[in-house]
Structure formats: structure tokens, C-alpha cells
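Asks: Before we start, here is the structure in question, set down as C-alpha cells.
The values are calculated or read from the model by the stated rules, or taken from the named source; none is laboratory data. Values in this document were obtained by computation on a predicted structure and should not be read as measured data. Glycine gets a Cβ as well: all are built from the backbone with ideal geometry, and neighbour counts include every protein chain shown.
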Ligand code: TGC
Ligand code: FAD
């Protein structure tokens, strides 16, 4: 018997193309990610050698149009990609999320035609790696307060000064999408495409991470960094622009969490059926059955949330608040399931040879980034009551 996570036969409501995309990424994860990821995690190394194969599969900016070298998939197929990648590891999904939703999307949404043609095909093919700099050392949940500045000079060029913190892909990226204030308040926030070889740019790896270890995380510093006007994203303006990018990434994360939870659940089922204690498989004890029943129930609910959200996104009728609900619920669900799976595995559950503890540690970052669980609670609170708890 397979530990089927598709308990509600969601397969039957996916299109042939959606299933084919899902299956090809699943194969990639089985063949290329799972055999090496435990080692990468222990070594604290992002497996960059996987990038060409990921590009070949069309995983970067997969829901952006084909005219820019992207796969042009719908949002459900895009979500299924994120689900399968995170079944492997949150760090691998993070790489694809940042590249597609946080670096390619702003160029697509706010860039000129010339910028889209210059950057997007190379990013889809994985030759140009991007990162997204919004968070600062003193402004995480409240990016409106950012102190990075972009001062406009009389010739129309800009000078950037400031620092960004916790930036995924930061030290390996060829370009950074940097958000900075051109004036006094958050209405003047603009986005810039910063080539990372520009004088005045530096990146430093964040050391000592106990989570997302198979992912690069860095601090970026801009010191009198001069940029021609051509690097401004002209369609960006105000905090709303980076928040629009976050909505794209949060959507993918809500799907990704289902993948991480499914990996943990499937591992737990296999273990429960094979581990014998007190003369029988531990899966035969009611306590472990209750644990597994709870996991499966929560996974199914989370699957239904993202599938419906994806259909709404494809219809153009979804809202950022719905995305907040999905990110908040699904990541919390996956965090709990990873912890329960680790416990079910007993001592083996602390080994990198199994996935549960790696997922559990990763999910602590996923719980925190892209809006902490608390921030999404407050976003929902605002949607429910009409009262803003932030100001
Ligand atoms: P607020 O006044 O609420 O909003 C300003 C304007 O933006 C609009 N808006 C959104 N638009 C699109 N999508 C969203 N999610 C939006 N949220 C708000 C809003 O309607 C308004 O528009 P307008 O036309 O009136 O100007 O802004 P606020 O300063 O009160 O902030 C609200 C808050 C706290 C919810 C926001 O700052 C927030 O979401 N904070 C969390 C920060 C965060 O998530 N950072 C993530 C950094 S990137 C990252 O973590 C990458 S991890 C790597 C990976 O993905 O794998
Ligand atoms: P803080 O904002 O300082 O929050 C600390 C605690 O206070 C949290 O529990 C929070 O929920 C709570 N809190 C904050 N405000 C309130 C409130 N109003 N009411 C109640 N509680 C509140 N950022 C990027 O820009 N780009 C990236 O690529 C990126 N990648 C990341 C990768 C990793 C591995 C990690 C861990 C983070 C990454 N981030 C990135 C940063 C991430 O988005 C921030 O860490 C996140 O937004 C939270 O900010 P903070 O860590 O400063 O926490």
C-alpha cells in the first residue's frame, strides 16, 4: 500500500498538462534532489549544479509568458511545481520562488519592454540568477520603514546607500531587485535592477543558520552605488509594488508547504508500517494511527485551499488576503506535521538520512519569511474587522 496523500483524488480535477508538469518535477526531485539533499543540508550548501536541469524543466518564472522564454503555465501548474520542489527541500523551492516570483516577476510587472527582453530569457534559462532585497536589519515585518535610499542625480541616474538583510541567493545572484526610497516616505519606494558586479555592491553570507541550510542567505550592502536611469523599474511606485511581488511568492509558498508536509507524512507512514516495537509495527497502535489521521486530514484541507486559490488566481479574482490565509494555514500545518513525523520516527527522526527534521527546521524559516505567521494573522484580522492593527 502506498501512503497516498491524494486521499480526495485531486488528480481527477487536474488537467492533463497540470499532471504532466507535476509528474516531471516529481521525477526530477526523486532522481536529482532526494539522493543529495541530506548531505547538502549537513554541509550547508545550496546544490547549484541542479540549476541547469531546473531551467531545462522550465521551473523559473513558469507562470510568466512564453514570449520572454518562460513556460507560460497556469497558476495551478506553477503551484504544483512549488509543491514538488518543496517535497524535496524548502531551500530548493526558495531558490525557484525567489528567481521567479521575486526577481523575474517585478521585471515583468514593472519593467520596460527593453528590460524584459534583456533579462527574462536569461533568468528563465538559469544563466542570470536574481535575488530580492526588501528586508533590512531594522525593518523586517515593517518594510515601509526602510532606510535604504536611492538619490536621484541631475542627469537622471541614482546613487544607492543602505543595507538589506536575510537575502536568499544574495551572494550568488547576478542581479538584485533592490527596493529603496527616493524621497522621505514610503510613497517614494522604487525598485531597481542592480547588477551585483556594480562598484559599491557587496554581499556577505549569513553564517550559523540552523534552518534552510541548503540555501544561500546573505546581507547586501550598497555604498555610493551608482546606477544609470535604465536600471530603475519605471512601473514601480510605493510599498504596494514590493508587496505585489510578495503576493506572488506567498502563493507559491502555500503550495510548497503541502509538498514538505506530504514528504513528512509519507515518511511517517512508511516508518510506522515497518518499525516493530512491542512485537508489532508501531502503525498498529492507536496513538500513531491518530497522529497519521490528523496529518492526512490537515494535508487534504491544505491541498483544497491551494487548488481553489489557484483556480481563483487563474480567473484573476483572488485577493492578497486569501493568499495570506493560505500561506498562514499551510505553513503552520506543515510545521506541525514535520514535528509530529519527527517524533513518530523516534531516534531515527533526528538523522539527516530521514527528511522530517530537515523539513521541520526549514519550515521555521518558511513560517517567518514572506510575512511571519503573526503578520498574516493581522492581515486577516484587518480583513475581518476593517480595523488596521499596524498603525
Ligand atoms: P499597507 O498600507 O497595508 O499597504 C500599502 C499598499 O500596498 C497594498 N498591499 C498589497 N498589494 C498587493 N499585495 C499585498 N500583499 C499587499 N498588501 C498591501 C495596499 O492595498 C496599499 O495600497 P495603496 O494603493 O493603498 O497604496 O502597508 P503597511 O505598511 O501597513 O504594511 C502592511 C504589512 C505589515 C502587511 C506589510 O508590510 C507586510 O506584508 N509585511 C511583511 C513583510 C514581508 O513579508 N517581507 C518579506 C520579504 S521577502 C522574503 O521574505 C523572501 S523569502 C524567500 C522565499 O520566498 O523563498
Ligand atoms: P521582526 O519583524 O523583527 O519580528 C520579530 C517577531 O515580532 C516576530 O515573531 C513577528 O511576528 C513579531 N511581530 C512583528 N511585528 C508585529 C506586530 N505588529 N504585532 C505582533 N507581532 C509582531 N527578506 C527579503 O527581503 N528577501 C529575501 O530573499 C529573504 N529571504 C529570507 C530567507 C530566510 C532564511 C529568512 C529567515 C528570512 C528571509 N527574508 C528575506 C526576511 C524575512 O522576510 C523576514 O525575516 C521577515 O519578514 C520577518 O522580519 P524580522 O526577521 O525582522 O522579524
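Asks: Looking at 326, 334, can you tell me which residue is in contact with a helix residue (DSSP H, G or I) (Cβ under 7 Å, 6 or more places away or on another chain) and either more than 23 Å from residue 88 (Cα to Cα) or away from ligand 2 (no atom under 16 Å from the Cβ) (or both)?
Replies: 326
Asks: Of 363, 351, 387, 344, which residue is closer than 18 Å to residue 97 by Cβ and either surrounded by 23 or more Cβ atoms within 10 Å (Cβ to Cβ) or over 24 Å from the mean Cα position of the chain (by Cα) (or both)?
Replies: 363
Asks: Report, ordered by the first and then the second residue, all pairs with beta carbons closer than 7 Å, sequence separation of six or more or different chains, a first member in region 364-377 that is in the same structural domain as residue 319 (by TED's automatic domain parsing), and a second member that is within 8 Å of ligand 2 (Cβ to nearest atom).
Replies: Short answer, once both residue conditions are applied: 364/211; 365/211; 365/212; 367/373; 372/141; 375/141.
Yes/no per residue for (1) surrounded by fewer than 19 Cβ atoms within 10 Å (Cβ to Cβ); (2) in the same structural domain as residue 315 (by TED's automatic domain parsing); (3) more than 19 Å from residue 213 (Cα to Cα):
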| residue | (1), (2), (3) |
| --- | --- |
| 27 | yes, no, yes |
| 34 | yes, no, no |
| 64 | no, no, yes |
| 77 | no, no, yes |
| 80 | no, no, yes |
| 84 | no, no, no |
| 105 | no, no, yes |
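Asks: Any residue in region 14-32 that's within 21 Å of residue 46 (Cβ to Cβ): show its pairings with residues that are modelled with pLDDT under 95 at Cβ separation under 7 Å, as long as the two are six or more apart or on different chains.
Replies: Hits for this filter: zero, empty list.
Asks: So, restricting to strands (runs of 3 or more DSSP E) that lie completely within region 158-209, which ones have at least 1 residues that are more than 24 Å from residue 126 (Cα to Cα) and not assigned by TED's automatic domain parsing to the domain that holds residue 90?
Replies: By residue number, 158-168, 175-181, 189-195.
Asks: For region 210-219, which positions are crowded, with 22+ Cβ neighbours inside 10 Å and in a strand (DSSP E or B)?
Replies: 217, 218
Asks: How many residues are within 14 Å of ligand 1 (Cβ to nearest atom) and not in a loop (DSSP other than H, G, I, E, B) when one looks only at region 220-247?
Replies: 9
Asks: Follow-up. Pick from 371, 381: which is within 19 Å of the chain's Cα centre (by Cα) and either in a helix (DSSP H, G or I) or within 12 Å of ligand 1 (Cβ to nearest atom) (or both)?
Replies: 371
Asks: Let me ask something else about it. Exactly one condition in (1) at pLDDT 95 or above; (2) not in a helix (DSSP H, G or I) is false for residue 2; which is it?
Replies: Just one mismatch for residue 2, condition (1).
Asks: Please determine whether any residue of region 120-131 is surrounded by fewer than 24 Cβ atoms within 10 Å (Cβ to Cβ) and within 16 Å of ligand 1 (Cβ to nearest atom).
Replies: Yes.
Asks: Against the definition (away from ligand 1 (no atom under 13 Å from the Cβ), touching a residue at least 12 places away in the same chain (Cβ under 8 Å) and not in a helix (DSSP H, G or I)), how does residue 338 come out, yes or no?
Replies: Judged against the criteria, residue 338 is not a match.
Asks: A follow-up question, please. Looking only at region 107-154, which residues are within 18 Å of residue 165 (Cβ to Cβ), without any contact (Cβ under 8 Å) to a residue 60 or more places away in the chain and part of a helix (DSSP H, G or I)?
Replies: Within region 107-154, just 145 meets the criteria.
Asks: Restricting to region 277-297, name every residue that is under 23 Å from residue 334 (Cα atoms) and loosely packed, with under 12 Cβ neighbours inside 10 Å.
Replies: Within region 277-297, 286, 287, 290, 293 qualify.
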